[in-house]
Amino acid sequence: MKTRYLYLIYFVISILDIAVVNIAFYITCDYLKLNINTNLNLLIVANYLWLLAALALKLYNAKFIKGIIHNCILTLKSFILFAFIFFSYILLTKENHAFAENLIVFYFFTISGLLSIRYAISKAEKMLKKHFKIARPVAVIGMNSMGIRLAGFFQDQDNHFAFEGFLNKENTSYLDHSGQVLPSILEQIKSAASNGVNDVYVSLSPDKIHEFASLQREADKCCLRLKLVPDLSQLLSDQLKVSYMNNFTVLSNRNEPLEEVENRFQKRAFDIVFSSLVIIFIMSWFYPLVGLLIKLQSPGPILFKQLRSGKNNKQFVCYKFRSMKINNESNSRLTNKTDSRITKIGAFLRKTSLDELPQFFNVFLGDMSVIGPRPHPIFVTEQYSPIINKFMVRHFLKSGITGWAQVNGYRGGGDEENTPHMQKRIEHDIWYLENWSMWLDLKIVYMTVRNLIKGEENAY
């Protein structure tokens, strides 16, 4: 939680930031020999826009200052947002031409001042911590895995806590047989209070949480705040993710970045823009050309349409360029390298993965994403979901034209003899689900293009 000291730091930084914006503006006007009075309206707008950008990115609203590097990165992001909005304002109003033409000078002085303040505050803070007791004194009861992690957090020099140590280094019961708090624990609680400790954190495993009430009573007598941090490491092997739903605390052992609406919006916007560009600039001429070659080699439709398993296991019609002769086994048998059903143009399309291009229509319509787990035919899902662990987890996401598994070589057939290969594909799909970011999507796009140029052994 925030301390008075933290509030003071944020307040001082915000005041200094406003001062920097104003000083940078005056220096710029002086440097360019401009009359400050004629540009006063622009200075007022600059102040408002800086506060808007800073508050929008919560520059002054974090629970902890996470170090100079993190703070400088957040400051830089706020400055970029401010610079963009300020430039847009000047562009739209078409005023202050002389200042607008030399806007880069104002930006240079502003960002230099903002970063210098962060550096100076960081140095001053370290000096104050060394000579004055400005951090909040805390202690920990219990030296279990969670207690050790807590201690590490409190000892971090970037946090505003003074770790006074463990009140009890054992990971056993803190109550005697009659349910009373052990004398040794009582003595240490009293000692902590007399030494100025404000908060004591106790980490209890689920089977010992009932002991918290007794510890709380004794801490209250000593005017100590006792706080419970559950140790769930024995309950699950994976680290739990904590989220909040109204007044409910929700624990889950899988991180899913795309559960956040902001991330889904970014991914969908990327899908719409990317698929639109492919449809307009590639499919507009490639579709009729390939369609003619397909028709010349084998009678039947240009597109192959097949039901596939999509997000939340909902079925959708997936589009591909038809690469085979018309047959009755498409929905019951996967392809292999020597498949006699594949036409000559089909072999080329499959080898280069160009047969997947019509799936950009699926992306534009919202059935698929550019990046995601590859959609399986229904019979493949029915075959493997009972025998491969976490197989259905991949369906938490929209299917993709390419994905993390594919760029790492786990693509191709899925016959009975290839179960270990399929298992690896699922593991990579789940890793993508838990580690999604826009940077990862862009990396996968790059790796896909690189692999297409190099050629892929499993593409057939």
Length-normalised contact order of the chain, Cα under 8 Å, at least 6 apart, in percent, tallies to 10
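Ranked by Cβ crowding within 10 angstrom, fewest neighbours first, how are HIS376, HIS395 ordered?
Result, fewest neighbours first: HIS395, HIS376.
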Pairs over 29 Å Cα to Cα, from LYS267/LYS305; LYS314/LYS454; LYS123/LYS227; LYS267/LYS424, come to LYS314/LYS454; LYS123/LYS227
Here Rg/Rh (Cα, Kirkwood) for the chain equals 1.10
Charge dipole of the chain built from unit charges on the beta carbon (Lys, Arg +1; Asp, Glu -1), centred at mean Cα; most positive-end Cα among LEU365, LEU167, GLY346 is GLY346
The rounded separation in angstrom of the Cα centers of the stretch 355-385 and the stretch 328-348 is 18
Longest principal axis of the chain (C-alpha) makes with the long axis of helix 68-93 (C-alpha) an angle, in degrees to the nearest 10, of 70
Going fewest to most other Cβ atoms within 10 Å around each Cβ, ARG308, ARG264, ARG450, ARG394 line up as ARG450, ARG264, ARG308, ARG394
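What number comes out for the charge environment of GLN266, summing +1 per Lys or Arg and -1 per Asp or Glu over other residues with Cβ under 14 Å away? Present the calculation step by step, with values, prior to reporting the outcome.
Values: positive: ARG264, LYS267, ARG268, LYS398; negative: GLU259, GLU260, GLU262, ASP271, ASP441.
Spelling it out: positives minus negatives among the neighbours equals -1.
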Taking Cα atoms, the helix 261-278 axis meets the longest principal axis of the chain at an angle in degrees (rounded to 10) of 30
Fewest-first ordering of TYR48, TYR432 by Cβ atoms within 10 Å yields TYR48, TYR432
In degrees rounded to 10, the 0-90 angle between helix 183-194 Cα long axis and the longest Cα principal axis of the chain is 70
Asserting the computed 222 nm helical MRE of the chain (DSSP H runs at least 4 long, -39500 (n - 2.57) per run, divided by residue count, to nearest 500) equals -16500 deg cm²/dmol
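Exceeding 19 Å between C-alpha atoms, which entries from my cross-link table qualify? They are LYS311/LYS443; LYS190/LYS221; LYS320/LYS390.
From LYS311/LYS443; LYS190/LYS221; LYS320/LYS390, over 19 Å: LYS311/LYS443; LYS320/LYS390.
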Protection proxy (average C-beta count within 10 Å per residue), highest first, orders 191-200, 33-42, 354-363 as 354-363, 191-200, 33-42
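Every read-out reported here was derived from the displayed coordinates using simple, explicitly stated rules and does not represent laboratory data. What you see is a predicted model; the values in this text were computed from it and never measured. Here Cβ is always computed from backbone atoms with ideal geometry, including for glycine, and neighbour counts include all displayed protein chains.
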